1. Using only the heavy atoms of the protein chains and a 1.4 Å probe, how would Leu41, Leu24 rank by accessible area, largest first?
2. Using the Kirkwood radius over Cα pairs, work out the Stokes-Einstein diffusion coefficient for the range 30-86 at 10 °C and 1.306 mPa s, in µm²/s as a whole number.
3. How large, in percent, is the carbon and sulfur part of the accessible surface of the range 30-86 at a probe radius of 1.4 Å?
4. Figure the gain on full extension for Arg52 and Glu35 (residue separation times 0.36 nm, minus the Cα-Cα span) and round it to one decimal in nm.
5. Just how much of Asp64 is accessible, in Å², when a 1.4 Å probe is used and the result is rounded to the nearest 10?
Amino acid sequence: MSTAMNFSTKSFTPRPPDKGAFPLDHFGECSAFKERFMECLRHSGYESAACRQRAMAYLECRMDRRVQLMANEPLEKLGFKDLISEKSEEKPEK
């Protein structure tokens, strides 16, 4: 009598993330932005809403780097539409 269990032959097929890869920053190109964001989180009691400006700066850094740390994505799609409109309102009119 065999004691081996017969599991179904269905296999898991991995799929890529919806927004693509988010590779590690091996060369530390955006580590200063990351540290400012993490410091803000610590000071705000890990309330991420208080640190959205720094989160946006970190993601912009990742998108601007030539080593493809993050695919270019409009910041509006990443949830920063309100911060972008505030930034444009702060600019003096000519």
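1. From most exposed to least exposed: Leu24, Leu41.
2. Answer from the Stokes-Einstein relation: 134 µm²/s.
3. On the way: 1840 of 3660 Å².
The computed percentage sits at 50.
4. Working: separation 17, 0.36 × 17 = 6.12 nm, distance 1.38 nm.
Going from the current span to full extension adds 4.7 nm.
5. The accessible area of Asp64 comes to roughly 110 Å².
The values are calculated or read from the model by the stated rules, or taken from the named source; none is laboratory data. These numbers come from a predicted model, not from an experiment. Surface areas here come from the heavy atoms of the whole protein model, side chains and all, with no ligands, DNA or RNA. Shrake-Rupley method; radii C 1.70, N 1.55, O 1.52, S 1.80 Å.
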